Amino acid sequence: MIRGRSIYLILLGSILLVSGCSEDDGALEVRPDFDAYFTTAEVEGVFVLLDGKENRYYTNDARRARQQFLPASTFKILNSLVALETEVVEDTSTVFEWDGVERTIPQWNRDHSLTTAYANSVVWVYQEIAREIGVQRMAEYVAGAAYGNEDISGGIDLFWLTGGLRISAVEQVDFLKRLHDGHLDFSDAVVDKVKGMMIEEATDTSTLYGKSGWADGDPTDLGWFVGFVLSDDNAHYFAINIDISDPEQGQHRRGIARSILTDLGLL
């Protein structure tokens, strides 16, 4: 029996070595061909794709796919859901008056609706929203959505930017699938409004929904682009994060994701 078990373990180890996976990778299927997109862009990162119909996950890096990072502005998806569900924000057209403080990004220095604040990643609007929601309600909704590590320490208006909240690429796509499938504790009307804000591109055959994010770090920043593509018969959920040592590299968040999705025939 001992000899038989030893042979089994050797064979299992060989299989895992060839596939590039480990026993902890679960349903993740490694796609080494995805690495070429990162190599061409000269950045380090991970791309995760979830086929909604087949419930299969694909990635170039199984270890990093499960590594948690600050969500940065990708948290605006959940923040928007909570804002509308709690009626802290009445509608996506609700206007937030600029406080007159000049910020580094020119597009932030004006009045914004929820829709334009989402599109332009206007941090001060979402910080104002988070303060109005409050710690208790925010904690309940973050936990209810099973969002990453569910840790909102570090300040009610900073926890997703510099605080304790962390989420992996796999957790991002799982959250987006629950959102689209209606498995989160939000009304259909609220979900539809937020999904409407997320639309980046619509064609006759597919619709791309997404949100980018940028987390400051030391020594490198982290860039996100997460979302999903809907077609007539399926939904594909994706998340990419990359290390950013030069601001010019930020463009590769969308660039790599869109290239992979296009080459797979999803866009």
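Miscellaneous remarks
- Any hit, the range 58-73, residues being farther than 20 Å from R166 by Cα, of a type in the set (S, T, Y) and in a loop (DSSP other than H, G, I, E, B): no
- Qualifying residue in the range 140-150 (condition: in a helix (DSSP H, G or I), free of Cβ contacts under 8 Å to residues at least 24 places away in the same chain and more than 21 Å from G45 (Cα to Cα)): yes
- Unmet criterion (only one of (1) part of a helix (DSSP H, G or I); (2) touching an Asp or Glu at 6+ places or on another chain (Cβ under 7 Å); (3) free of Cβ contacts under 8 Å to residues at least 60 places away in the same chain) for D33: (2)
- Yes/no for D151 being under 14 Å from S73 (Cα atoms) and of a type in the set (D, E, K, R): no
- Inside the range 220-267, residues that are in a strand (DSSP E or B), in contact (Cβ under 8 Å) with a residue 60 or more places away in the chain and among the β-branched types (V, I, T) make up a count of 4.
- Residue that is nearest to L230 (Cα to Cα), among those in the range 186-217 that are surrounded by 17 or more Cβ atoms within 10 Å (Cβ to Cβ), under 17 Å from the mean Cα position of the chain (by Cα) and aliphatic (A, V, I, L, M): L208
- Counted residues, the range 115-132 - those being surrounded by fewer than 20 Cβ atoms within 10 Å (Cβ to Cβ) and either touching a Pro at 6+ places or on another chain (Cβ under 8 Å) or farther than 22 Å from H180 by Cβ (or both): 8
- Evaluation of T92 against the conditions (1) of a type outside the set (A, V, I, L, M); (2) out of contact with any Leu (no Cβ under 7 Å at 6 or more places or on another chain); (3) within 26 Å of A139 (Cα to Cα); (4) part of a loop (DSSP other than H, G, I, E, B) shows that the sole unmet condition is (2).
- Within the range 60-114, considering residues that are within 22 Å of G148 (Cβ to Cβ) and among the β-branched types (V, I, T), the one surrounded by the most Cβ atoms within 10 Å (Cβ to Cβ): T74
- Residue match in the range 202-218 (condition: under 23 Å from Q67 (Cα atoms) and modelled with pLDDT under 95): yes
- The residues of the range 156-185 that are assigned to a loop (DSSP other than H, G, I, E, B) and either surrounded by fewer than 16 Cβ atoms within 10 Å (Cβ to Cβ) or polar (S, T, N, Q) (or both), listed by number, are T162, S168, G182, H183, D185.
The values are calculated or read from the model by the stated rules, or taken from the named source; none is laboratory data. Just so it is clear, the model here is predicted, and its values are computed rather than measured. Glycine also receives a Cβ, built like all others from the backbone with ideal geometry; neighbour counts cover every protein chain displayed.
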